[in-house]
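Worksheet for the structure shown next.
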Amino acid sequence: MILSSVDILKAIKSKALVIDPTPDVAAIDSSALDLRVGEPFYSWNDNLVRQKGVDVIVNLDSFKYQDLASPYLTEIPKDSGGQYVIQPGRFYLSATHERVHLPIRSCLAARVEGKSSLARLGLVVHMTAPTIHCGFEGVITLEIFNYGPFPLRVTPGKTRLCQLIIEKLSSKPKEPGGKSFSGQKTAKGK
């Protein structure tokens, strides 16, 4: 069952859903809660991927994201106005401005999704892993790609880049899910 705006507000009030900072009512739609983009922004180091004579192959059966992210993600600078520019044809990682906590006792899980108004510009905000497990606590990493023709400016802590859809589980899980990234503070997974 997906929570409605009424139930989202109840969950926040009862601390069954903890969002920090607490969202204002304008961020809550009929069946979703808008989240803002955080900072910093990262991109994979172009030199790593484009070195002549070097083939970089990642074995998906044995890699650890954090081991790859630390040396090979490059922080993207903000422009002079304090904004990030999402360039066409580029992939970025960032995190939500808000920390999200789905306590196990709440029996809540969530999905993070992009916003249709931004998708119409060609912006993909969350690619393939929308599940936020019951028990998760931390910022949510956003996989961002601009398929559109326009550079897009976003302001950390202000631009509503994605939405959280909250779901009620059929029963309390035995242990928290999302162990790989629970507690993360940045898109690097740490």
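Before moving on, here are some points about what is shown:
- Taking residues in segment 131-150 that are acidic (D, E), and partners anywhere that are in a loop (DSSP other than H, G, I, E, B) and open to solvent by 10 Å² or more (accessible area, probe 1.4 Å), the pairs with Cβ atoms closer than 8 Å and at least 6 places apart or on different chains are E137/S182; E137/G183; E143/H126; E143/M127; E143/T128; E143/A129.
- Number of the exception - T128 against (1) at pLDDT 95 or above; (2) open to solvent by 80 Å² or more (accessible area, probe 1.4 Å); (3) under 13 Å from the mean Cα position of the chain (by Cα): (1)
- Hits in segment 117-130 - residues which are of a type outside the set (S, T, N, Q) and free of Cβ contacts under 8 Å to residues at least 12 places away in the same chain: A119, R120
- For segment 2-24, a residue qualifies if it is farther than 15 Å from C107 by Cβ and at pLDDT 95 or above, and the qualifying residues are S4, S5, V6, L9, I12, K13, I19, D20, P21, T22, P23.
- Complete set of residues in segment 107-117 that are at pLDDT 95 or above and more than 15 Å from the chain's Cα centre (by Cα): C107, L108
- Residues satisfying the stated conditions in segment 13-47, i.e. open to solvent by less than 30 Å² (accessible area, probe 1.4 Å) and in a helix (DSSP H, G or I): A27
- Here E98 does not fit the description of being closer than 30 Å to K172 by Cβ, in a strand (DSSP E or B), of a type outside the set (A, V, I, L, M, F, W, C) and in contact with a His (Cβ under 7 Å, 6 or more places away or on another chain).
- Any hit, segment 50-61, residues being small (G, A, S), at pLDDT below 85 and out of contact with any His (no Cβ under 9 Å at 6 or more places or on another chain): yes
- Per-region count, segment 1-36, residues among the charged types (D, E, K, R), closer than 23 Å to L142 by Cα and touching a residue at least 60 places away in the same chain (Cβ under 8 Å): 4
The values are calculated or read from the model by the stated rules, or taken from the named source; none is laboratory data. This structure is a prediction, so every number in the text was calculated from the model and none was measured. In this analysis, Cβ positions are derived from the backbone assuming ideal geometry, glycine residues included, and neighbour counts consider all displayed protein chains. Please note that ligands, DNA and RNA were not included when accessible areas were found on the heavy atoms of the full protein model with its side chains. Shrake-Rupley method; radii C 1.70, N 1.55, O 1.52, S 1.80 Å.
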